[in-house]
Structure formats: structure tokens, C-alpha cells
1. Take the conditions aromatic (Phe, Trp, Tyr), modelled with pLDDT under 90 and in a helix (DSSP H, G or I) and apply them to Tyr77. Does it pass?
2. Looking at segment 51-60, can you tell me whether even one residue there is assigned to a loop (DSSP other than H, G, I, E, B), surrounded by fewer than 17 Cβ atoms within 10 Å (Cβ to Cβ) and either at pLDDT 95 or above or out of contact with any helix residue (DSSP H, G or I) (no Cβ under 9 Å at 6 or more places or on another chain) (or both)?
3. Using beta carbons and a limit of 9 Å, which pairs, at least six apart or on different chains, have the first residue in segment 40-58 and closer than 16 Å to Pro5 by Cβ and the second one exposed (fewer than 15 other Cβ atoms within 10 Å of the Cβ)?
4. Name the residue that is surrounded by the most Cβ atoms within 10 Å (Cβ to Cβ), counting only residues in segment 7-50 that are of a type in the set (S, T, N, Q) and not in a helix (DSSP H, G or I).
Amino acid sequence: MKLTPERVATALHNAGGIVAQAARALGCSRQSVYVYLSENPELQALRERIETDLLNRAKDRVAEGIRNGELEASLVYLSAKSKTEAIRARVEIVTAD
């Protein structure tokens, strides 16, 4: 089936901006989608907006988890920060026997 802006936009939305998943839904290769995106800058911009939106949502959920005292959210935050700021965080969980 031929790629159209509407079909590609819908596939990108449904796939959260992940090209491999969008390509599967469209029945074509990832390379075909990448070529189509390069030929249609408005769709590439759409993909970037979808990715940015999902990233912002994920950041909000981690921040909410930290505010709620969730250890896992804190570990995710520390792990990400250690990569971007060269901080090393070590967390040791001790249980009482």
C-alpha cells in the first residue's frame, strides 16, 4: 500500500514516534519510512513532537514518583543524572533479618 501523509502520521501517532513500529503498521521497511520522512519535513517535525511529548510525560511521572517517595523513581532519576553529569550514585538496600 502506498505511503501517504495521513497514513504515516497515524502510524507515527499510534507507534509513539517509533519508526520501526510505524513501519510494521504500514507494511513497509523502516528505511522506506525514513526516506518518506526526509521527503516530508512536516512529518519529521510531527515525529519529533511526538517523541518530545512522550519524553516530557515520562519526566513528569518520574518527578511525581520522587515527590511521592517512590524508590524506583528516585533510582531512575539518579541513573539518568549520573550519565549526564558524570555523577556516580550507589544505592544499597539493606533488609533486617
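1. Values: aromatic (Phe, Trp, Tyr): yes; modelled with pLDDT under 90: yes; in a helix (DSSP H, G or I): yes.
Considered against the rule, which asks whether it is aromatic (Phe, Trp, Tyr), modelled with pLDDT under 90 and in a helix (DSSP H, G or I), Tyr77 comes out as yes.
2. Step one: of segment 51-60, the residues assigned to a loop (DSSP other than H, G, I, E, B) are none.
Taking every residue of segment 51-60 in turn, none turns out to be assigned to a loop (DSSP other than H, G, I, E, B), surrounded by fewer than 17 Cβ atoms within 10 Å (Cβ to Cβ) and either at pLDDT 95 or above or out of contact with any helix residue (DSSP H, G or I) (no Cβ under 9 Å at 6 or more places or on another chain) (or both).
3. Filtered contacts from segment 40-58: Asn40/Pro5; Glu42/Pro5; Leu43/Pro5; Gln44/Ser38; Leu46/His13; Ile50/His13; Ile50/Gly16.
4. So the residue we want is Asn40.
The values are calculated or read from the model by the stated rules, or taken from the named source; none is laboratory data. Since the structure is predicted, the reported quantities are computational estimates derived from the model, not experimental observations. Virtual Cβ from ideal backbone geometry, glycine too; neighbours counted across all protein chains shown.
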